[in-house]
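First the structure, in the form of structure tokens, and then the observations on it.
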Amino acid sequence: MDPLDIFRAFSFLFTTIIGILGNSALLAFFSCTAYQEHGLVTSDVILLNLTASNLVMALTRGLPNSLYIFGLLNVFSNTHCQLLVYASRVSRAMSICLTCFLSCFQSVTLMSTTSTCMHVRVRLQFYAGSIIVLLLLMNATMCITPLLYTVSVTNMSNTTNLEYSFRISYCIVIVPDRTSFLSNNFTLFARDLVFVTGMSVASCSILCILYKHGKQVKGIRSSERSESLSAETRASKMVSILVALYVLFFGIDNTTWFYQSTSSNNNLTSISDIRYFFSVCYASVFPFIILSFNRKLLLIIRQCTNGNPA
């Protein structure tokens, strides 16, 4: 292996291990919270599903790339490739959709002083599970292409000059014609754009509301209202940071993916490596952001480390 391959391999491996361990721990903490409190609030339900999506993304994007770069070339069959690429695309799509859902829910929560927003909040709380299932069904349907057209590189004698294809190190998605290639790519790009726009607008509204709340609670030192606003502020800041990180990491992902879709060199492995690396980066950073702002989870960690049962 040359130095660049070694750097790529260890970069993927490091971010993947952090992502797998961090999101696995986060799932365990949410499970403990659900057990102790006999359920989860709506925002935690969304975060739980977002954590699961990020865990699957780390497992299906980071780990296979690491194995391939380290020279394990014959691990993946056509079926493995189809399932891995499909799961990675669905988990990525769920990550963006759930981040948008979380930011919109938090925005409505902060604006729930009006009767209309209160009604919307109650409806979102009631239908949160159904919305998550619908998002999963939508993305599972929209990302069906890898199940139909993905093959392993070990079964390809020639991987060059494939006009309508995506090279993902260990696998290649070969779409049969230009119309299918472009329609699928731009449909997915439009979906991402809609949800990124939605989460960005919601995040901006959160920041505006936080600014107004900050002015209102100046001089209030201790009261139930102050504590409530403080909890809302922590949750809102967490969501805003998640959105900012998402726009950063997946903005690079989407930009390189758009270039890959329109370029004649769409089967270059290095382009897919960039996309996969930054999406795994989001999954790796995500648990630290959640734990930094969620006091309930921090309390569970302290209880576990001190050996005190809840």
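The residues of the stretch 2-127 have, on average, 44 Å² of accessible surface per residue, using a 1.4 Å probe with all protein chains present.
Between Val122 and Lys296, the contour length at 0.36 nm per residue exceeds the alpha carbon distance by 60.4 nm. Fully extending the segment from Ala28 to Thr141, taken as 0.36 nm per residue of separation minus the present Cα-Cα distance, adds 37.8 nm. The overall shape of the stretch 24-95 is prolate: from the C-alpha gyration tensor, with semi-axes ordered a ≥ b ≥ c, the ratio a/c is 1.5 or greater and a/b exceeds b/c. At a 1.4 Å probe, what is the % contribution of carbon and sulfur to the accessible area of the stretch 5-112? With neighbouring chains kept in place, the figure for the stretch 5-112 is 73 percent.
Placing pseudo-labels 7 Å out from each Cα toward the beta carbon at Tyr35 and Ile17 gives an inter-label distance of 2.8 nm.
The values are calculated or read from the model by the stated rules, or taken from the named source; none is laboratory data. It should be emphasised that the depicted structure is a prediction, and the values quoted were computed from it without experimental measurement. A quick note on method: Cβ atoms are made from the backbone with ideal geometry, for glycine too, and the neighbour counts reach across all protein chains shown. Only protein heavy atoms, including side chains, enter the accessible area calculation; ligands, DNA and RNA are left aside. Shrake-Rupley method; radii C 1.70, N 1.55, O 1.52, S 1.80 Å.
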